[in-house]
Amino acid sequence: MELQKNISIKPYNSFGINVYANLFATFNSIDELSELLEFNQPQTTNRKPQTLILGGGSNILFTNNFDGLVLKNEIKFIKEIKEDEHHIYVQVGAGENWHQFVLHCIKKGWAGVENLSLIPGNVGASPMQNIGAYGVELKDVFYSLEAWHIHDKKMVNFTLNDCEFGYRDSVFKRKYKDQFVITDVTFRLNRIPEYHISYGAIGQELEKMGVKGLSLQAVSQAIINIRSSKLPDPAKIGNAGSFFKNPEISSSQFAVLSSQFPGIVGYNLPNGHVKLAAGWLIEQCGPENGTSWKGFRRGDAGCHDKQALVLVNYGNALGSEIYNLSEEILQTVKEKFGVSLEREVNIS
Ligand code: EPU
């Protein structure tokens, strides 16, 4: 546990934004975490101590240097804690890389997370925003989690209900924002797979791969192929996955929009509302009439050419340049469709 001063956090955020933190440290136990938090208590009454907990840094856009202590969670372990006829319960340290955990499950024959292959970030961040892809969300395999209460200095257990999961949402983004540090997550995985392959292009991809009998490996590989064809690899082009959420509108608003814009893409939700594909909306707008944001680049900030929902850093973009681009995108979508997009990525 070493405290580093004035350190660039470019290697620790998938957008690759070069900002500096006053102080930086990693922790791999709850004791180390509590010691570091204690250290960062206010020295004077007028300075609020700032602490930022980073997992994989894959859902954050830094627009400024961080005036405080950045703590990187490196609590790592994977432990089978119990099993019953249908399930295996696996407790995982928050600092484990998400995709490595998925691969581990596939090797062990534990089912449930294969559709969530190749999502960047760490296990500890997965419940924060209830990560989801290809018809599966984290909440479908979630059992419980443990988190350190920063103020009360104690561990708290959260069940599925406690987390109040929604679309890219949980209590940790709302009423408990900045109050807890997730230290481990327990998953309830299936002994017998229930394959979810009806979503999007999974079936087509499996066919293309020549897959005859379904397996966890095959489904995972199909998802990896689809994701890699659309989403930029953060190791090559900085990004944080979808920058915006897909907005939900009423069915009557959807009917009006559909008559004006026949190509509009929407999915009916069980609550009677419609979820719009924000990527489509963004693709239809641009910096000027008749142009599209998709593939747009200004300096090193851009909108990905294969998926308009993803903003990218081609190298040396400032966080503020990407933020300003997102603002322009929000405005043009609002003007053309009357729909307000919401950012999915956290802004710091
Ligand atoms: N579309 C366009 N143009 C674009 C992008 C999308 O027209 O540039 C339209 C197409 O009709 C396409 C549809 O939107 O068929 C849906 O696109 P896609 O399958 O790529 O999914 P998405 O709704 O844009 C969501 C998640 C992704 C997740 C995929 C697959 C959100 C905010 N994003 O994207 O999650 O991988 O579904 O399940 O819900 C992430 O959260 O970082 C992320 C990548």
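Tabulated values for the structure
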item	result
Test for GLY121: is it touching a residue at least 40 places away in the same chain (Cβ under 8 Å) and in the same structural domain as PHE187 (by TED's automatic domain parsing)	yes
Enumeration of residues in the range 195-234 that are more than 12 Å from the ligand (Cβ to nearest atom) and among the basic types (Lys, Arg)	LYS208, LYS212
Residues that are touching a Leu at 6+ places or on another chain (Cβ under 9 Å) and either open to solvent by 70 Å² or more (accessible area, probe 1.4 Å) or within 16 Å of the ligand (Cβ to nearest atom) (or both), drawn from the range 325-341	LEU325, SER326, ILE329, LEU330, VAL333, LYS334, LYS336, PHE337, VAL339, SER340, LEU341
The range 152-168 - residue that is open to solvent by less than 80 Å² (accessible area, probe 1.4 Å) and outside any loop (DSSP other than H, G, I, E, B) and, of those, nearest to the ligand (Cβ to nearest atom)	GLY166
So GLY272, is it within 9 Å of the ligand (Cβ to nearest atom), open to solvent by 30 Å² or more (accessible area, probe 1.4 Å), assigned to a loop (DSSP other than H, G, I, E, B) and among the small types (Gly, Ala, Ser)	no
Residues of the range 282-308 satisfying the condition of being within 21 Å of ARG227 (Cβ to Cβ) and touching a residue at least 40 places away in the same chain (Cβ under 8 Å)	ILE282, HIS304, LYS306, GLN307
Pairs with Cβ under 6 Å, 6+ apart, first in the range 16-42 and within 20 Å of ASN64 (Cβ to Cβ), second of a type in the set (Ser, Thr, Tyr)	ASN18/SER8; TYR20/SER8; ASN40/THR51
Close pairs from the range 199-218: first in contact (Cβ under 8 Å) with a residue 40 or more places away in the chain, partner open to solvent by less than 30 Å² (accessible area, probe 1.4 Å) and more than 16 Å from the ligand (Cβ to nearest atom), Cβ under 8 Å, at least 6 apart	LEU216/CYS105; LEU216/ILE106; LEU216/ALA111; GLN217/ILE106
Search result, residues across the range 124-151 that are free of Cβ contacts under 8 Å to residues at least 40 places away in the same chain, open to solvent by less than 10 Å² (accessible area, probe 1.4 Å) and within 26 Å of GLU85 (Cα to Cα)	LEU138
Checking PRO232 against (1) in a loop (DSSP other than H, G, I, E, B); (2) in contact with a Pro (Cβ under 9 Å, 6 or more places away or on another chain); (3) closer than 27 Å to SER326 by Cβ, the condition it does not meet	(2)
Count - residues of the range 169-225 that are touching a His at 6+ places or on another chain (Cβ under 8 Å), surrounded by fewer than 19 Cβ atoms within 10 Å (Cβ to Cβ) and closer than 30 Å to GLU35 by Cβ	1
Strands (runs of 3 or more DSSP E) contained entirely in the range 1-118, each with at least 2 residues that are under 27 Å from TYR314 (Cα atoms)	4-8, 20-27, 51-54, 66-73
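The values are calculated or read from the model by the stated rules, or taken from the named source; none is laboratory data. As the structure is a prediction and not an experimental result, all values here were calculated from the model. Cβ atoms come from the backbone with ideal geometry, glycine included; neighbour counts cover every protein chain shown. Ligands, DNA and RNA are excluded from the accessible area calculation, which covers all protein heavy atoms including side chains. Shrake-Rupley method; radii C 1.70, N 1.55, O 1.52, S 1.80 Å.
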